[in-house]
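Visitor: Take this structure, written in structure tokens, and hold onto it; I'll ask about it next.
The values are calculated or read from the model by the stated rules, or taken from the named source; none is laboratory data. None of these values were measured; they are calculated from a predicted model. As a convention, Cβ positions derive from the backbone with ideal geometry for all residues, glycine included, and neighbour counts pool all protein chains shown.
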Amino acid sequence: MAKILIPTPLRQFTGKQDSVTVPGGTVGEVLTRLTAEYPDLRKQIFTDEGKLRSFVNVYLNDEDIRYIGKDTAATTDGDTLSLVPSIAGGTAGGRN
Amino acid sequence: MIHIENDPWAAMVAHARASYPNECCGAMLGSTDGETKTVREAIALQNAFEGAQAARYELRPEDLLAADKAARERHMDLIGIYHSHPDCDAYFSKTDLQNSCPWYTFVVLSIRKGEFDHANSFLPNFDQTDAPKEELTY
């Protein structure tokens, strides 16, 4: 079981819950179960091809999963997953 | 629409002025009631862009994670991101759009010659192809 912290704008897709606990032995299994239980979340997190969207980072407790095995990283009871966006920008590049 | 209360607004402007001529960035915490978002606290975050920061900013995901935790502890929500455009209008640039996230409101502050000039708020879409303006009051 792992707890997933739901960012505020995504709580409309989880019945206003700010966290959801689902079973799964790996990060991939947990996210699959999460989006199976709350299908409207899927588009927010994954592309149509099933890959994490470019602006989505997943943290297992305080570690970025990219450095600990990505979706194969093992989860145990009491673990917390966070969905954290990648954000940058600036005037370089000019007006849109 | 998004409304920024006096204290966080003053903090955001002060941060943008202090960072001039570089870009600043930070998180906005508050609450959402229907279509209205109210910012009650601004958290200044480090511009982590590696290179000249006069025209670029980058947030560390770890810092955003910490801001989200702070919001939860204070019974608020992380509702948006702010950054400054030194000596430029407060538009949503190509770089802003290509590195945006549709989950959040983005407030841009124009700082000219070190002083606040104007600000706008934007709501980027999913495909990072457009970011309509959102009504902003402060």
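Visitor: Say whether the condition of being over 30 Å from A:GLY89 (Cα atoms) and not polar (S, T, N, Q) is met by at least one residue in region A:8-15.
Guide: yes
Visitor: So which residues in region A:62-96 are more than 10 Å from every other protein chain (Cβ to nearest Cβ) and assigned to a loop (DSSP other than H, G, I, E, B)?
Guide: A:ILE68, A:GLY69, A:ALA73, A:THR75, A:THR76, A:ASP77, A:GLY78
Visitor: Step by step: first the residues of region B:79-99, then only those that are over 27 Å from B:LYS69 (Cα atoms) and more than 7 Å from chain A (Cβ to nearest Cβ), then the one that is surrounded by the most Cβ atoms within 10 Å (Cβ to Cβ). Which residue is that?
Guide: If we take residues in region B:79-99 being over 27 Å from B:LYS69 (Cα atoms) and more than 7 Å from chain A (Cβ to nearest Cβ), then B:PRO86 is surrounded by the most Cβ atoms within 10 Å (Cβ to Cβ).
Visitor: Here's something else I'd like to know. Within region A:18-40, how many residues turn out to be over 19 Å from A:THR72 (Cβ atoms), in contact with a Lys or Arg (Cβ under 9 Å, 6 or more places away or on another chain) and either assigned to a strand (DSSP E or B) or at pLDDT 95 or above (or both)?
Guide: Number satisfying all stated conditions: 3.
Visitor: Here's a follow-up. Could you list, in sequence order, the residues of region B:26-48 that are among the β-branched types (Val, Ile, Thr) and out of contact with any His (no Cβ under 9 Å at 6 or more places or on another chain)?
Guide: Those that are among the β-branched types (Val, Ile, Thr) and out of contact with any His (no Cβ under 9 Å at 6 or more places or on another chain): B:THR32, B:ILE43.
Visitor: Let me ask something else. Restricting attention to region B:102-118, which residues are at the interface with chain A (Cβ under 7 Å from one of its Cβ atoms) and modelled with pLDDT of 95 or more?
Guide: The answer is B:TYR104, and nothing else.
Visitor: Might you let me know whether region A:43-51 holds any residue that is closer than 24 Å to B:ILE81 by Cα and part of a strand (DSSP E or B)?
Guide: yes
Visitor: Given the criteria surrounded by fewer than 17 Cβ atoms within 10 Å (Cβ to Cβ) and not β-branched (Val, Ile, Thr), does B:ALA70 qualify?
Guide: yes
Visitor: If you go through region A:2-11 one residue at a time, do you hit one that is basic (Lys, Arg), touching a residue at least 60 places away in the same chain (Cβ under 8 Å) and outside any loop (DSSP other than H, G, I, E, B)?
Guide: Yes - at least one qualifying residue is present in region A:2-11.
Visitor: Here is a further query. Just the residues that are part of a strand (DSSP E or B), in contact with a strand residue (DSSP E or B) (Cβ under 9 Å, 6 or more places away or on another chain) and more than 12 Å from chain A (Cβ to nearest Cβ), please, taken from region B:10-39.
Guide: Selection gives B:THR36, B:THR38, B:VAL39.
Visitor: Within region B:61-78, how many residues turn out to be within 9 Å of chain A (Cβ to nearest Cβ) and under 14 Å from the mean Cα position of the chain (by Cα)?
Guide: Counting residues in region B:61-78 that are within 9 Å of chain A (Cβ to nearest Cβ) and under 14 Å from the mean Cα position of the chain (by Cα) gives 2.
Visitor: I would also like to ask the following. Inside region B:40-60, can you point out the residues that are small (Gly, Ala, Ser) and facing chain A (nearest Cβ under 10 Å)?
Guide: Within region B:40-60, B:ALA48, B:GLY51, B:ALA52, B:ALA54, B:ALA55 meet the criteria.
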